[in-house]
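K.L.:
Would you mind keeping the following structure in view while I ask a few things?
The values are calculated or read from the model by the stated rules, or taken from the named source; none is laboratory data. Predicted model only: the values in this text are computed from it and were never measured. Cβ atoms come from the backbone with ideal geometry, glycine included; neighbour counts cover every protein chain shown. Side chains included, ligands, DNA and RNA excluded: accessible areas come from the protein's heavy atoms. Shrake-Rupley method; radii C 1.70, N 1.55, O 1.52, S 1.80 Å.
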Amino acid sequence: GTARIAVTGLATMGSNLARNLARHGFRVAVHNRTPTRTKALVEDHGHEGEFVAAETMEELVASLQKPRQIIIMVKAGGPTDAVIDELSGLLEPGDMVIDGGNAHYADTRRREAALKAKGLLFVGAGISGGEEGALNGPSIMPGGPAESYVHVGPVFEEIAAKVDGQPCCVHVGPDGAGHFVKMVHNGIEYADMQLIAEAYDLLSRVGGHTPAQLADVFKQWNEGDLESYLIEITAEVLKHTDSTGGALVDKIEDAAEQKGTGRWTVQEALELGVPVTGIAEAVFARSLSGHIEQRKAVREALGAHEVVAKPDEQLVEDVRQALYASKVVAYAQGFDMIREASKNYDWNIDLGAMATIWRGGCIIRARFLNRIREAYDANPELASLLVDGYFSDAVKAAEAAWRRVAVRAVESGVPTPGFVSALAYYDALRSERLPASLVQGLRDFFGAHTYRRTDKPGSFHTLWSGDRTEIEA
Ligand code: NBP
């Protein structure tokens with residue numbers, strides 16, 4: 001065969017990725033379970049590059065140069081397994097199967113091991129940036145065996161987004177590392193959006209600003225440290241008026257949906273024992289918003305809470321600082337999670353490189369990712385992003401404003417779980433003593449779970465139901 005690479009699964013993501021490949025001069029073989037999609041792609045976009053249309057999987061495999069590289073862009077889960085099964089019977093040792101869907105990293109680990117046994121190289125690649133990114137340059141997070149990257153890397157780096165001339169693509173690590181990092185990326189995206197939403201809520205309900213005024217505020221914020229795609233599109237959404245002439249945001253039902261990657265992130269964080277409070281609060285806030293009936297029942301029983309607007313000069317700037325500090329915490333937690341997983345699975349992930357490849361192509365692309373990269377470049381062993389000089393200065397500078405915002409939110413009854421839990425996390429990490437001492441005392445009382453002492457080594461138990469002397473456990 002003569003095609004450089006193949007894509008199977010030509011819905012939105014797959015067809016855009018195939019077009020991106022073709023536009024970059026790669027001869028790309030295309031296939032879809034239902035052949036009408038393949039025909040439509042070649043008819044509508046055949047002029048953009050060199051496509052080889054394949055009706056069957058056999059044809060697709062035959063159309064490729066060796067070693068073969070096939071990107072799967074089908075619905076995650078069962079469909080991906082079905083396609084892998086079909087392909088693995090047709091491929092030869094050394095060929096590469098690349099899953100560009102939103103797979104759970106545990107599935108990717110399982111698939112990688114199964115294909116390795118057949119001599120095939122399996123690459124679980126996180127691809128971020130939605131349909132727009134797939135077409136014009138996504139952020140790509142490929143995992144899998146290092147030798148696969150020799151072949152896949154140059155192609156992916158070519159079609160990925162570029163920032164300062166650098167491609168937003170790097171080999172993340174073995175087996176499920178790429179999909180794991182993509183999952184955490186999505187979790188951070190949840191946290192970031194929740195914080196933005198809280199800022200909007202406070203400024204509209206306590207600050208008394210209209211969506212149009214807030215569009216200007218966010219536009220201004222986008223000129224500074226907060227500069228990011230999400231802040232930019234927040235201004236766009238807030239500015240938009242619909243056919244009724246009013247702000248669209250006031251008409252959109254306030255029940256947030258989720259596809260599940262945020263939930264996965266929190267589930268995995270619980271397993272790894274990493275407190276990703278920002279992501280967890282964001283997932284729960286979406287879930288709470290969706291309980292329309294329960295919200296109504298409680299509102300009716302207790303009375304709706306009326307927030308009285310009390311505009312003041314300082315609020316906008318205070319909220320900006322609280323948003324920035326809370327965002328730093330959310331990213332610090334996300335990076336902690338990647339570091340822990342990397343240790344746990346021996347992935348050896350370069351944290352600074354992750355910040356680098358998120359600077360373009362993906363939803364959380366932001367100026368401040370440069371700072372994260374610099375922090376990990378300077379010290380790959382950072383105990384927390386909060387320890388880095390730039391970030392510790394930034395959160396300390398924001399601290400007073402952050403506390404004022406938390407107080408205003410609590411006093412006025414605007415729920416800000418993201419801001420408040422980020423502040424609690426910051427305060428907890430900086431506390432000399434935590435009340436975990438009492439928790440340990442209670443656990444020892446009812447369950448003889450033992451405790452350690454600050455003044456001598458060893459484990460101890462107090463005979464709570466006896467004479468209350470202490471014994472060494
Ligand atoms: P969908 O997730 O909607 O999947 C549709 C594709 O899967 C079609 O090509 C369909 O073929 C194929 N397919 C299904 Br369904 N079952 C199949 C089976 N048993 N065997 C073979 N093919 C099967 O497509 P998408 O929205 O383009 O997303 C593709 C992947 O990219 C997903 O994993 C998604 O999570 C991920 N992703 C999506 C986005 C996004 O913004 N949409 C962003 C990042 C990642 P058919 O035409 O014959 O039905």
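K.L.:
Assuming PRO311 fulfils every condition listed in (1) touching a Pro at 6+ places or on another chain (Cβ under 9 Å); (2) modelled with pLDDT under 95 apart from one, which condition is it?
P.N.:
(1)
K.L.:
Show me the helices (runs of 4 or more DSSP H) found entirely inside segment 247-327 where at least 2 residues are open to solvent by less than 70 Å² (accessible area, probe 1.4 Å) and closer than 19 Å to TYR425 by Cβ.
P.N.:
By residue number, 261-272, 277-290.
K.L.:
Let me ask you something else. Here is a check on your reading of the model: is ALA191 under 25 Å from LEU369 (Cβ atoms) and open to solvent by 30 Å² or more (accessible area, probe 1.4 Å)?
P.N.:
So ALA191 does not fit the description; no.
K.L.:
Limited to segment 142-188, what total is found for residues that are aliphatic (A, V, I, L, M) and either open to solvent by 10 Å² or more (accessible area, probe 1.4 Å) or outside any helix (DSSP H, G or I) (or both)?
P.N.:
Total meeting the criteria: 7.
K.L.:
Which residue pairs have Cβ atoms closer than 6 Å, lie 6 or more positions apart in sequence or on different chains, and pair a first residue in segment 76-88 that is closer than 19 Å to LEU120 by Cα with a second residue that is near the ligand (Cβ under 7 Å from one of its atoms)?
P.N.:
THR80/VAL74; THR80/GLY101; VAL83/VAL74
K.L.:
Exactly one condition in (1) open to solvent by 10 Å² or more (accessible area, probe 1.4 Å); (2) touching a residue at least 24 places away in the same chain (Cβ under 8 Å); (3) over 22 Å from SER289 (Cα atoms); (4) assigned to a helix (DSSP H, G or I) is false for ASP225; which is it?
P.N.:
(4)
K.L.:
Right, something else. For segment 329-351, check the following and say yes or no: at least one residue is surrounded by fewer than 24 Cβ atoms within 10 Å (Cβ to Cβ), closer than 14 Å to LEU230 by Cα and either in contact with a Phe, Trp or Tyr (Cβ under 9 Å, 6 or more places away or on another chain) or without any contact (Cβ under 8 Å) to a residue 40 or more places away in the chain (or both).
P.N.:
No, because not a single residue in segment 329-351 is surrounded by fewer than 24 Cβ atoms within 10 Å (Cβ to Cβ), closer than 14 Å to LEU230 by Cα and either in contact with a Phe, Trp or Tyr (Cβ under 9 Å, 6 or more places away or on another chain) or without any contact (Cβ under 8 Å) to a residue 40 or more places away in the chain (or both).
K.L.:
Here's something else I'd like to know. Residue by residue through segment 340-377, note down the ones that are part of a helix (DSSP H, G or I) and basic (Lys, Arg).
P.N.:
LYS343, ARG371, ARG373
K.L.:
Which residues, taken from segment 94-116, are closer than 14 Å to PRO145 by Cα and open to solvent by 50 Å² or more (accessible area, probe 1.4 Å)?
P.N.:
Scanning segment 94-116 gives ARG109, ARG110, ALA113, ALA114, LYS116.
K.L.:
Hey, can you tell me all the residues within segment 418-430 that are open to solvent by less than 50 Å² (accessible area, probe 1.4 Å) and among the small types (Gly, Ala, Ser)?
P.N.:
GLY418, SER421, ALA422, ALA428
For every residue, the table says whether it meets (1) of a type in the set (D, E, K, R); (2) touching a helix residue (DSSP H, G or I) at 6+ places or on another chain (Cβ under 8 Å); (3) closer than 30 Å to ALA191 by Cβ.
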| site | (1), (2), (3) |
| --- | --- |
| VAL414 | no, yes, yes |
| VAL420 | no, yes, yes |
| ARG433 | yes, no, yes |
| VAL439 | no, no, yes |
| HIS449 | no, yes, no |
| GLU470 | yes, no, no |
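K.L.:
In this structure, is ASP85 surrounded by fewer than 18 Cβ atoms within 10 Å (Cβ to Cβ) and among the charged types (D, E, K, R)?
P.N.:
Yes.
K.L.:
Of a type in the set (Ser, Thr, Tyr) and away from the ligand (no atom under 13 Å from the Cβ), is that true of THR2?
P.N.:
yes
K.L.:
If I go through segment 11-40 residue by residue, how many of them are within 13 Å of the ligand (Cβ to nearest atom) and open to solvent by 10 Å² or more (accessible area, probe 1.4 Å)?
P.N.:
Residues meeting the conditions: 15.
K.L.:
Quick check: anything in segment 194-212 closer than 19 Å to ALA282 by Cβ and open to solvent by 60 Å² or more (accessible area, probe 1.4 Å)?
P.N.:
no
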